[in-house]
Amino acid sequence: IGSGFIGGAISGFACAPMELVMIQQQRFGTSLLGTPAKIITETGLSGIFRGLFMSCGREGIFTAGYLGLGPVATQTLREEY
């Protein structure tokens, strides 16, 4: 379960900037390349990682549940039934 959480948290580093760009595109109707440029111009390079820790936490919890708890639940069900 811990390995699933760590793996998911690491994937948050890639997901957070992409999700931020996607949401900002939907809000402002800007282009794929124009949106990150706008974010960086307005907030600096660190602005592209806004929401990073929440994204890492969400991805970690999801991956731990999906990859970690599945085998544990399967084993428990096989032992009891």
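The values are calculated or read from the model by the stated rules, or taken from the named source; none is laboratory data. Predicted, not measured: the structure shown is a model, and the values here were computed from it. Note: ideal-geometry Cβ built from the backbone for every residue, glycine included; neighbour counts use all protein chains shown. Just the protein is used for accessible areas: all its heavy atoms, side chains included, with ligands, DNA and RNA removed. Shrake-Rupley method; radii C 1.70, N 1.55, O 1.52, S 1.80 Å.
Could you pull out the residue among Ser46, Ser3 that is small (Gly, Ala, Ser), at pLDDT below 95, exposed (fewer than 11 other Cβ atoms within 10 Å of the Cβ) and on the phi < 0 side of the Ramachandran plot?
Answer to the selection: Ser46.
Give the stretch 4-52 a look and list any residue that's hydroxyl-bearing (Ser, Thr, Tyr) and within 30 Å of Ala64 (Cβ to Cβ), or say none.
Across the stretch 4-52, the qualifying residues are Ser11, Ser46.
Looking at the stretch 66-78, is at least one residue in contact with a helix residue (DSSP H, G or I) (Cβ under 9 Å, 6 or more places away or on another chain), open to solvent by 100 Å² or more (accessible area, probe 1.4 Å) and part of a helix (DSSP H, G or I)?
yes
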